[in-house]
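The values are calculated or read from the model by the stated rules, or taken from the named source; none is laboratory data. Just so you know, these numbers come straight off a predicted model, no measurement behind them. Don't worry about glycine lacking a Cβ; one is built from the backbone with ideal geometry, like all the others, and counts go over all protein chains shown. Ligands, DNA and RNA are excluded from the accessible area calculation, which covers all protein heavy atoms including side chains. Shrake-Rupley method; radii C 1.70, N 1.55, O 1.52, S 1.80 Å.
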Amino acid sequence: MPSFYHETHTMFGHLRNPVLQWIFSIDHKRIGLMYMTLMFTLFFLAVGAALTMRAELFAPGAQFLEPQTYNELFTFHGVTMIFLFIVPGIPATLGNFLLPLMLGAHDVSFPRLNLISFWFYVLGVILGISSLVTGHGFADTGWTFYAPYSIRTDAHVLSTLSAAFILGLSSILTGLNFIVTIHRLRAPGMGFFKMPLFIWGLYATAWIQVLATPVVGITLLLVILERTLGIGIFDPTKGGDPVLFEHLFWIYSHPAVYLMILPGFGIVSEVLPAFTRRTIFGYHAIAISSASIAGIGYLVWGHHMYTSGMSDLARVIFSFLTFLVAVPTGVKIFDWVATMYKGSIVLATPMLWILGSIINFTVGGLTGLTLGAIGPDIHLHDTYYVVAHFHYTILGGVIFMFIGGLHYWYPKITGKLYDEGLGRIAFGLAFVGFNMLWFPMFLAGFFGNPRRYFDYLPDFTVYHQISGVGALLIASGLVMIVYTFYRGLRSGRDAGPNPWNATTLEWHIPSPPPLENFPKIPYVDFEPYEYEAGEPLVQFDENFRRIR
Amino acid sequence: MQQEMAYDAQGQPHPVVDFHNDYGGAKFGFWVFLMTEAMMFGTLFLLFAIYFYRHTESYVASSGHLDVWLGGTNTMILLISTYTMGLGTMMLRRGRVRAAVLLVGATALMALIFLGIKAVEWNMEISRGIYPGSGVLDALDRGEILFFGLYFVMTGLHGLHVIAGVALMSWVLLLIRSGGIRPEHTIVMKNVTLYWDFVHLVWIILFPLFYMIGV
Ligand code: HEM
Ligand SMILES: [Cu+2]
């Protein structure tokens, strides 16, 4: 059967040119792959910026960067990593590719809208990157664009702001598409509680995308109007209140943290059953905790503002709510551990990444609790402790999950197997490198090294140097993954439909999938993760009738 | 096209939803989209409320500068226009295409009149020297700066929505002509009507907030 690489539907009917066939394709799988290519290019650019910062920080004093350049670098790094990579990342790439496959659908509900979201994303990227080469250099505000500085600085904030606005639009449209798809296009028989857990992660994420993104969109628009017309809503000289900007910004950006993590959690819940050959423990608890993390996540934004002047009562409430989010998160982690308990664990590369991510995320989560408590946060606010905390959750947690997912679905996407040996070495490098990179920063921050400075006191040298070596290790691990994937494409063995003995629907169709995914839509009246003696319990014949 | 079926273990057929032609999906999707719009305007209303609480007196004073009669006329126009738009959808569903076209056209016309009146109003403020960033405005009290800042932003954003509405209605008219909207296939028309309802609803809230607190 020809795969989706061979034939496609496009926005304009039949196109002959293969490049145009990609650019205008409305097939969710191709769109997912286009996002993937662009996003990982940007990711490596942002890693490049990070390595430059780390090189500058290798010794105290100025090495080779102007302070202003450093400000632009960390803004570029932060904006790219957050707005261009990790917030849209998993839903737009793996989500787009897999959602219809896992639901048993031929495509998403609005395939054209899906392509339009991709174009908005491209437009956002172009706007964002163009500010590098036009005007007074990149924005220097940090990715949070705090007013009034973002109103006053003469760096190129306008195009970065507009880029973030357009990216928000793209993300809203993807979320909307996913919500409708999940409600409407589940295969007959698949109730909400028969959906794979990755879909639950995407579902909760999609609602946050739809309900939180407009808030930050309009807030950024106000900053744009502030800069161009001087309306004064956030400008203290005109009576505006910059702290309101912080509130509105974090009302979005805290839930955005869950935008990043929930799809990652979903990946964990897919990979674990496949490599322990067991049903996931606590399916319902995991599904519902995704939804409740999304819900409670709305109410905790204030923990970013303990030091910006809030009433004590407000601080206590925000602190309490912040602790509350830890509960559903803890539920998930216990369920995962219980799934692994006494399972026959297969330590293949995807599983290694997932295990690594659980460890890192736990460190990130626990240090998050110290930041959620008011007392310690006043001490640790805007130090490297915070930077270490969020890199532990995002890089060590989410991105490790993401990479684990990429390895897991690689055979489905390409039809080939990658080299397990190379994959494991890359993981080892990245895991050791990551912890060397960020663990010392907890200490540096704890002893008072502030963040967002291109220089530091000589006392902190040793931490920054260990960190610098770690950065090189993780970067080489990342490059090695690219090499592994490339090698797999060139000379990997054929994967067959189900190399991991997994149970969800996408593993019942050929790899790579045909254009419309399923020759016939299956009837789904079984649980997503059912094993019997290490083999998937449910099997179909080629017409998607149950034979077992 | 033939209805696709999925067969369960007993061999019973179950219909599969076809995403090309999913009426329920299109409607639901549009409601979700309106939720994002509501969140966006909601944020602005929240800002309005906070600053109103802090600067109640200058808010009331600035509101007095706006012309209630012009604003009120506009409110009436929008109220009537949602009515004609809704009636248009109803006519189309009953197969009275010609009446539907006239009603949608009338709605678009009223939207244009609304924009005209809005332009006159903005012009009045601007000729008094009151617009964001102007010397006259910045010399006023802080509450008034914020009031007029929000006034221009919110009515401006609403105006953009009205313009989008006119564009959508023109598109609907084209689709009716080319057969893209038919009495038995009205989902686009319904969604545009829903959108117009939303636009008019936002104005119904904007009007008392900006024009009436000073009366
Ligand atoms: C190889 C991996 C990475 C390295 C070496 C790295 C390094 C750094 C460094 C040195 C800073 C500046 C700290 C400061 O001066 O305050 C920073 C900031 C930041 N990083 Fe990373 N990072 C990496 C990956 C990531 C990833 C994957 C993300 C998110 C998806 C991320 C998000 C951020 C953000 C949001 C900031 C704050 C920027 C700001 O202050 O505006 N980083 N990173
Ligand atoms: Cu937060």
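Below is a table of values for the structure above.
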| read-out | value |
| --- | --- |
| Check on B:Gly64, at the interface with chain A (Cβ under 8 Å from one of its Cβ atoms), over 21 Å from the mean Cα position of the chain (by Cα) and either among the basic types (Lys, Arg) or in a helix (DSSP H, G or I) (or both) | no |
| Hey, A:Gly189 at pLDDT below 95, surrounded by 23 or more Cβ atoms within 10 Å (Cβ to Cβ) and not in a helix (DSSP H, G or I) or not | no |
| Answer residue from segment B:1-51, given it is more than 10 Å from chain A (Cβ to nearest Cβ) and either over 24 Å from the mean Cα position of the chain (by Cα) or of a type in the set (A, V, I, L, M) (or both) and is surrounded by the most Cβ atoms within 10 Å (Cβ to Cβ) among those | B:Leu34 |
| Close pairs from segment A:253-268: first of a type outside the set (D, E, K, R), partner more than 11 Å from ligand 1 (Cβ to nearest atom) and outside any helix (DSSP H, G or I), Cβ under 7 Å, at least 6 apart | A:His254/A:Val300 |
| Test: residue in segment A:364-381 that is among the charged types (D, E, K, R) and under 23 Å from the mean Cα position of the chain (by Cα) | no |
| Meets criteria (within 13 Å of chain B (Cβ to nearest Cβ), more than 16 Å from ligand 1 (Cβ to nearest atom) and either more than 30 Å from B:Gly133 (Cβ to Cβ) or among the small types (Gly, Ala, Ser) (or both)) for A:Gly309 | no |
| Options A:Ala204, A:Ala212: the member that is within 11 Å of another protein chain (Cβ to nearest Cβ) and small (Gly, Ala, Ser) | A:Ala212 |
| Test: B:Trp196 is buried (at least 17 other Cβ atoms within 10 Å of the Cβ), among the aromatic types (Phe, Trp, Tyr) and either over 22 Å from B:Gly25 (Cβ atoms) or out of contact with any strand residue (DSSP E or B) (no Cβ under 7 Å at 6 or more places or on another chain) (or both) | yes |
| Odd one out for A:Glu246 among (1) open to solvent by less than 10 Å² (accessible area, probe 1.4 Å); (2) farther than 18 Å from A:Ile90 by Cβ; (3) among the charged types (D, E, K, R) | (1) |
| Sole residue being open to solvent by less than 10 Å² (accessible area, probe 1.4 Å) and over 24 Å from B:Thr43 (Cβ atoms), chosen from A:Val300, A:Val268, A:Val316 | A:Val268 |
| A:Arg545 vs. criteria in contact with a Phe, Trp or Tyr (Cβ under 8 Å, 6 or more places away or on another chain), open to solvent by 40 Å² or more (accessible area, probe 1.4 Å) and on the phi > 0 side of the Ramachandran plot | no |
| Helices (runs of 4 or more DSSP H) contained in segment A:48-159 and holding at least 2 residues within 11 Å of ligand 1 (Cβ to nearest atom) | A:67-79, A:87-90 |
| Filter result for the condition that a residue is over 18 Å from the mean Cα position of the chain (by Cα), among the aliphatic types (A, V, I, L, M) and open to solvent by less than 10 Å² (accessible area, probe 1.4 Å), over A:Met305, A:Met310 | A:Met305 |
| Among the candidates A:Gly421, A:Gly433, A:Gly428, residue that is in a helix (DSSP H, G or I) and within 13 Å of ligand 1 (Cβ to nearest atom) | A:Gly433 |
| From the options B:Ile145, B:Ile181, B:Ile126, B:Ile187, residue that is more than 21 Å from B:Met40 (Cα to Cα), within 14 Å of another protein chain (Cβ to nearest Cβ) and touching a residue at least 12 places away in the same chain (Cβ under 8 Å) | B:Ile187 |
